[in-house]
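Report on the following structure.
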Amino acid sequence: MTGGRQITKWWYTGSQPSLKGEASPGAEVIVTIDGNALQINADSSGSWSFTPVSPLTAGAHEVTIASGGSTISFVLSIGAEGVDWTAVEKGGETTLPATGVAFPTVIIMALAVTTIFGGMRFYRNM
């Protein structure tokens, strides 16, 4: 759980991490680790999970998860050696950007409502 933040580096002391997430129901999710991609699909509720078949070697691994035009990339460091505990405690995260802009949508909705009600009044007066 990241609370809506995208964290660029993760540490995992085991060798077979489970990656889990949410996407659109049935969506294709591409998990790429060090250039090796695997396609999985979200279930009917949009949940997906991935666990590598074979253990990952100790050290840093480039991970990318992509689905529906969105991509998240981070470094996954396997093993307890070389963990930067100061960075772990500090957080080192950035907040994910908000999707969409409400202002144009509100204007379009107001124009649509005005047009519909104006058209209804015009039709009744004919």
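Here, each number is a calculation from the coordinates, and none is a lab measurement. Model, not experiment: these values are computed from the prediction.
What the table below lists for this structure:
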quantity	calculated
Amide H contacts under 5 Å for GLY46, placed H, 5+ residues apart	GLY26
Per-residue ³J(HN,Hα) for region 29-36, Karplus 6.51 cos²θ - 1.76 cosθ + 1.60, θ = phi - 60°, Hz, x for Gly and Pro	10, 9, 9, 10, 10, 6, x, 9
